[in-house]
Each structure stands twice: as C-alpha cells, then as structure tokens.
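Novice: Here it is, the structure, as structure tokens.
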Amino acid sequence: GMGAANGLLLLELERKNLLASDVIWRSAGAIITEEGEIDLQPTTDEGWFNVVHAATVVAEGGNLMMMPGLANGESDWNEYAQGLTRAALLAKSAAEAQDADALFSAGGAIYNVCRACHNKYMEQDEFE
C-alpha cells in the first residue's frame, strides 16, 4: 500500500482532477429541459479559456498520478494515468479550437478513464 501522506496527496489530486473534469463536462454537449434543448458549450472566449485551463489541470493530474509512491507499482495504474492525460490533452486542443463536438467526445473519454480506474482502485464509486 501507500503511506498516509501519499494517500492524502492522492485524495487531493483526485479532488482537483474531479473539479477540473467537471468544468469540462459542464461545457460539453446539451441538456434537455422543459423549455427545450440547452447547448452547454461556452459562448465566449473566456468560457473556452476556462475549459482549456481545466483540461490542462487534468492532464497534469494524470502525470502527477505516476509519481513514485502514488503509482502503487502497478502497470495498470500508470496506463490509467496516461489515458487520463491523453484524454485531457484532446479536451485541451478541442477547447483551443472551440470545437464542441471534439470536446464532448474528449469529455466522454475522461469520464471513462476516471470510471474504469475508480472501479479498480476505489471501494465506493462516486460516479453513480
């Protein structure tokens, strides 16, 4: 296992990744309401920049997950971490291009990596 300090570091990293991923998810796709469909994509350069920034945080988070002491010495762990960084970099370039469709699919890829890794490494899954 990992020491208590590393466990705390990992929890903090998880929290940061989740908050940043949330920015991406809230900026992609559309939701259906009684009034009709609401497009979630940013409508301003600033809004898109926020997504670029969030994607950068997630990409860095994936790299940090591979630090010695966090990786648990498992090759699967590093593959998930690399997958997270890859998906986040896709989201980043989609946001830079202000490409809503590409952002939506990158957001889905981030979700899938988070979910798969949590299913393997966390007892309870907060992704329900």
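The values are calculated or read from the model by the stated rules, or taken from the named source; none is laboratory data. Every value quoted in this text rests on a predicted model; they were computed, and no experiment measured them. In this analysis, Cβ positions are derived from the backbone assuming ideal geometry, glycine residues included, and neighbour counts consider all displayed protein chains. SASA here: full protein model, heavy atoms, side chains in, ligands and nucleic acids out. Shrake-Rupley method; radii C 1.70, N 1.55, O 1.52, S 1.80 Å.
Novice: Criterion first (outside any helix (DSSP H, G or I), open to solvent by 60 Å² or more (accessible area, probe 1.4 Å) and modelled with pLDDT of 95 or more) does Gln98 satisfy it?
Specialist: yes
Novice: What residue, of Glu37, Glu79, is in contact with a strand residue (DSSP E or B) (Cβ under 7 Å, 6 or more places away or on another chain), without any contact (Cβ under 8 Å) to a residue 12 or more places away in the chain and either among the charged types (D, E, K, R) or within 16 Å of Cys114 (Cα to Cα) (or both)?
Specialist: Matching residue, one of Glu37, Glu79: Glu37.
Novice: Scan the range 42-61 and tell me whether some residue there is hydrophobic (A, V, I, L, M, F, W, C), over 30 Å from Gly7 (Cβ atoms) and out of contact with any Lys or Arg (no Cβ under 9 Å at 6 or more places or on another chain).
Specialist: Within the range 42-61, one or more residues are hydrophobic (A, V, I, L, M, F, W, C), over 30 Å from Gly7 (Cβ atoms) and out of contact with any Lys or Arg (no Cβ under 9 Å at 6 or more places or on another chain).
Novice: Then there's this: When the range 40-71 is examined, which residues are found to be touching a residue at least 60 places away in the same chain (Cβ under 8 Å) and closer than 16 Å to Ser93 by Cβ?
Specialist: Gln41
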